[in-house]
Number of protein chains: 2
Amino acid sequence: MPERRRGAALEKALLDAAWEELTDNGYARFTMDAVVQRAGTSPPVLYRRWSNRDELVRAAVLHTLSDHRRVELPDTGSLRGDILTLMRELNATRVQLVTVISVQLADYYQQTGTSPSDLRDSLLKGRRTTVDVLLDRAVGRGEVKPERLTERVRSLPFDLLRHDILMTFAPVPDHVLEEIVDTVFLPLVS
Amino acid sequence: MPERRRGAALEKALLDAAWEELTDNGYARFTMDAVVQRAGTSPPVLYRRWSNRDELVRAAVLHTLSDHRRVELPDTGSLRGDILTLMRELNATRVQLVTVISVQLADYYQQTGTSPSDLRDSLLKGRRTTVDVLLDRAVGRGEVKPERLTERVRSLPFDLLRHDILMTFAPVPDHVLEEIVDTVFLPLVS
DNA sequence: AGAATAAGATAGGCAAGTCTATCCAAGGAG
DNA sequence: CTCCTTGGATAGACTTGCCTATCTTATTCT
């Protein structure tokens, strides 16, 4: 007989199940029944917490986002190493997150009249990102010319990474990451 | 009494209606009934041609793609002008196409195990694109150094445009297009 | 121990959507 | 003019998913 889960543990299990349904099947095929079944519980348990599909989806996304928030801060001694390390980590760990946020939630954006950039903005608002730290250190070492670091250029490697992920729904090969850094980003900043 | 449409005209009306449903409501809310109603016809007319939802979606996408295939070839005398003109046209006319192909079809990709890049590849296979022509002319004028024109760099401005469209689901402001060309693309190629 | 709380099972009403069967009507082909 | 194809209307069977009501049972609190 399995133990009966309660409170926070049960809630986490439900949100995890919802997230897995979302990544596996996408929003279009996301059903409450499937979440119930995957979590091994019964409908009322779910509905006591989130009274409809959209509430559950929102909660699952927020839950996963807050889980993934922190990234290790690389420190390899060079901008190239730092940026590549960061990109490799994002590339390895965030493919699902990126595709769900950008693609699977299409219906949610349509209903709310928002877009992925709105979601992103509301999450990053006022936070100092890892990239900012890396770049400041590189400026301190004289590796980059600060006047070249426009917002566009700062986010360029990550925009390109995100773009490639969205076109393939898969991690990007490592040589592509190096290509982005070596033939696009570094030439523009140094 | 409205005339009764037949054959190709009717088929086009149905596919157009399907495409509009797709752009307005997305794949998740795409229903046969809605298409029937928008086209002003009745269910059997639809089912005689496409026996289910997915077949219809596929047909509508292909139909629209073949409609949009050609782009005007700009000739402003400078690479900057040519590229900007092309980007402006794409930005103005392809937002729906890009978002539908990348986002609304998520479910389709999941079922077929494909991705937007597969769709893109199968469409562009062997075709000489407008961009190639522009760039070759620029090389001829000595505006760009040919050895810098890697595949990555050639597609860079369009990848960034596509990325921004996917983050906002809307046309990109003109000053952003200029920013991409002036602070990213041209510095890399000249 | 006993009471209170919340988990979990089961069943079912309701709504929406898919697809088919059946019919009638328009309009082009002979 | 008549036939025959095909468009179009209507109705309904069937399925699926949402959500609620009701009941039993495990776990925790006092």
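Quick notes
- Lone qualifier among B:Leu160, B:Leu186, B:Leu177, B:Leu135 - being within 17 Å of the chain's Cα centre (by Cα) and touching a residue at least 12 places away in the same chain (Cβ under 8 Å): B:Leu160
- Residues that are more than 28 Å from B:Val95 (Cβ to Cβ), loosely packed, with under 13 Cβ neighbours inside 10 Å and either near DNA strand C (Cβ under 8 Å from one of its atoms) or not charged (D, E, K, R) (or both) within the stretch B:9-55 comprise B:Ser42, B:Pro43, B:Pro44, B:Ser51, B:Asn52, listed in sequence order.
- The stretch A:113-122, residues that are exposed (fewer than 14 other Cβ atoms within 10 Å of the Cβ) and assigned to a loop (DSSP other than H, G, I, E, B): A:Gly113
- Test result for A:Pro74, in contact with a helix residue (DSSP H, G or I) (Cβ under 9 Å, 6 or more places away or on another chain) and within 9 Å of DNA strand D (Cβ to nearest atom): no
- Breaking point among (1) within 14 Å of chain A (Cβ to nearest Cβ); (2) polar (S, T, N, Q); (3) surrounded by fewer than 18 Cβ atoms within 10 Å (Cβ to Cβ); (4) within 12 Å of the chain's Cα centre (by Cα), for B:Thr93: (1)
- Members of the stretch A:86-130 found to be touching a residue at least 12 places away in the same chain (Cβ under 8 Å), among the hydroxyl-bearing types (Ser, Thr, Tyr) and more than 20 Å from A:Trp19 (Cβ to Cβ), listed by number: A:Thr130
- Any hit, the stretch A:63-72, residues being under 26 Å from B:Ile180 (Cα atoms) and more than 9 Å from every other protein chain (Cβ to nearest Cβ): no
- Here the helices (runs of 4 or more DSSP H) wholly within the stretch B:123-190 that include at least 1 residues being within 13 Å of chain A (Cβ to nearest Cβ), of a type in the set (A, V, I, L, M, F, W, C) and surrounded by 14 or more Cβ atoms within 10 Å (Cβ to Cβ) are B:151-168, B:174-180, B:186-189.
- Scanning the stretch B:1-47 for residues that are of a type in the set (Val, Ile, Thr) and near DNA strand D (Cβ under 9 Å from one of its atoms) yields B:Val36, B:Thr41, B:Val45.
- Hey, A:Leu65 away from DNA strand C (no atom under 13 Å from the Cβ) and under 23 Å from A:Ser102 (Cα atoms) or not: yes
Values in this text are rule-based calculations from the coordinates and carry no lab data. As the structure is a prediction and not an experimental result, all values here were calculated from the model. For neighbour counting, all protein chains shown are included, and Cβ atoms are generated from backbone atoms with ideal geometry for every residue, glycine included.
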